[in-house]
Amino acid sequence: MGTIADAWTWLTTGSNWSGPGGIGVRLGEHLYLTGMSLAIACAIALPVACWLGHIGKGGTLAINISNVGRAVPTLAVLGLLLLTPLRMHGDWPTVIALVLFAVPPLLTNAYVGIREADRDVVEAARGMGMSGPQLLGRVELPLGYPLVMTGLRSATVQVVATATLAAIAGGGGLGRIITAGFRTYNTPQVVAGAFLVAVLALVLEGVLVIAERLLDPMRGRRTDGRASGRRTPAGGPGTPTAPGAKETDVPAGEQKPAPAPL
Amino acid sequence: MKASSCLAANEWICGEYVRSRSDELVDATVQHVWITLASVGIGLLVSFPLALVARRWRVLTGPVLGLTTVLYTIPSLAMFSLLVPLMGISASVVVTGLVLYSLTILIRNLLTGLDAVPADTREAARGMGYGQTRLLFTVELPLALPAVMAGLRIATVSTIAMTTVGGIMGYGGLGNLIVEGMRSLFKAQVLTASVLCVLLAVLADLLLLGLQRLLTPWARAQRGGGTGGRGGGGDSRGRFGRVGRVGRFRTRAAAARKEAAA
């Protein structure tokens, strides 16, 4: 257990936090890469998912894109992108790789969420004379909101994990602390870096769970049997469920957990 | 002459690379396969009793699922690094990390499958004098098999992709070649190893799909409008109908993955 104590010493040493390669800078890089990639991925995936879900087409594509995302190793994509001429453009290869892996969970979950919105309610809204955009904005999106947020959470988990791997290829972020530790056989530093990355991932997940509750457009209204039954996973609503756990009545396997946390 | 020049020119596709380094490629693939097999095998052995415990004592369902979900959130590089002080730099670090990830998917699918066994079927078997163990192994598990196999396929495919991260410490199968190629900017090595990795994932998925077909002949018989199910009777018909739908999705998924690989 000497390593753990050494890792703690490393973490509590002030000089490791400041400076150009310090924890502060690396954390900033990690958050910047994560935020930027998520924003770009949302801008791409959510409109497409809303549109496909609304017109009810392209389901095969939306479902299968996450299967493809799972089979392709993130490390391979990072490696391939970093060997292209894009390498000369700073963070861009990393951001592109992160976006590529954030889009599938966002797209699949948002599509399923909108598609599986209670058809009776949608029909009723249509009967009341709502137009297409109104139907999407006022009925389908609020009803599909839990799954859209599930998609965002699994995309975030994925992006934080992939951003860590970018360090292997010389990118920035907290992963740099781990890879530098491996290169210098400094195990305490490796453990300290891994601890920071794990805490960051768990904190971001927690923040998103809280944000999901606070921003729920149906907050306080999702109490009747049908709506709440739809949301309650096996572990109860309070459990931090895995992406894909909070599922509707989709058979197992069709709605699957998030792509691997690479 | 032309063949060997692609190595010197550092081209993406290089037949000479595959020829001259075939031993290295075979070794890496073999390591990749055994790390995956060990991880998924141990994962299955660990998740089976855990799922049974979580089913027997419902109070434990939430904590078990919650804990595995927290593990799933930790980025893979951090997970491996955190295990280093416990086991040193070895293949067991990678296998342990991958086992922990596979638990989330396997336990969830085991529980889903077992919960979906119709109560009538269970009652009928009990009425025929089946004990707990016999009920589990001859009635419940066979009926849960489609869900379990779906989970196994997801776990296997994501484990194959994630094994590459073990390359950071030299125990990542094809990931070793990817990491090495990234550092030395060796394009052919990164591309060849990446493609092999995706091919492995597709192959494993197809093999497991075939195994599932072999193990559940009644699902196919029923889909083709044949005789009734084995332990199911009328009640399980809807269930198998859904399984059929998943099956079609998955076949398309495999096709999409093949396209992605090509």
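The values are calculated or read from the model by the stated rules, or taken from the named source; none is laboratory data. The shown structure was predicted, so the numbers you read here are calculated from the model rather than taken from an experiment. Methodologically, a virtual Cβ is constructed for each residue, glycine included, from the backbone with ideal geometry; neighbour enumeration extends over all protein chains shown.
Annotations
- Any helices (runs of 4 or more DSSP H) falling wholly within the range A:136-228 and containing at least 1 residues that are more than 8 Å from chain B (Cβ to nearest Cβ), of a type in the set (D, E, K, R) and more than 23 Å from the chain's Cα centre (by Cα): A:175-183
- Among (1) of a type in the set (A, V, I, L, M, F, W, C); (2) assigned to a helix (DSSP H, G or I); (3) under 30 Å from residue B:35 (Cβ atoms) - the single one residue B:89 does not satisfy: (2)
- Selection status of residue B:165, buried (at least 22 other Cβ atoms within 10 Å of the Cβ) and either among the β-branched types (Val, Ile, Thr) or modelled with pLDDT under 90 (or both): yes
- Any hit, the range B:33-41, residues being surrounded by 15 or more Cβ atoms within 10 Å (Cβ to Cβ), modelled with pLDDT of 85 or more and within 23 Å of residue A:167 (Cα to Cα): no
- Total residues in the range B:108-131, condition of a type outside the set (D, E, K, R) and over 30 Å from residue B:70 (Cα atoms): 10
- The set of residues from the range A:9-24 being in contact (Cβ under 8 Å) with a residue 24 or more places away in the chain and of a type in the set (A, V, I, L, M, F, W, C) comprises A:10, A:11, A:23.
- Candidates B:106, B:141, B:111, B:136, filtered to the one that is within 24 Å of the chain's Cα centre (by Cα) and within 10 Å of chain A (Cβ to nearest Cβ): B:111
- Residue count, the range B:173-182 (criterion: at the interface with chain A (Cβ under 8 Å from one of its Cβ atoms) and either touching a Ser or Thr at 6+ places or on another chain (Cβ under 7 Å) or surrounded by fewer than 21 Cβ atoms within 10 Å (Cβ to Cβ) (or both)): 2
- Residue ID - farthest from the other protein chains (Cβ to nearest Cβ), chosen from residues in the range A:59-70 that are among the small types (Gly, Ala, Ser) and under 17 Å from the mean Cα position of the chain (by Cα): A:62
- Test result for residue B:68, within 20 Å of the chain's Cα centre (by Cα) and buried (at least 17 other Cβ atoms within 10 Å of the Cβ): yes
- The set of residues in the range A:72-92 that are facing another protein chain (nearest Cβ under 7 Å) and within 26 Å of residue A:47 (Cβ to Cβ) contains only A:72.
- Residue that is modelled with the highest pLDDT, among those in the range B:82-98 that are more than 10 Å from chain A (Cβ to nearest Cβ) and surrounded by fewer than 23 Cβ atoms within 10 Å (Cβ to Cβ): B:96
- In the range B:52-79, residue nearest to residue A:182 (Cα to Cα) [restricted to those that are touching a residue at least 24 places away in the same chain (Cβ under 8 Å) and facing another protein chain (nearest Cβ under 8 Å)]: B:77
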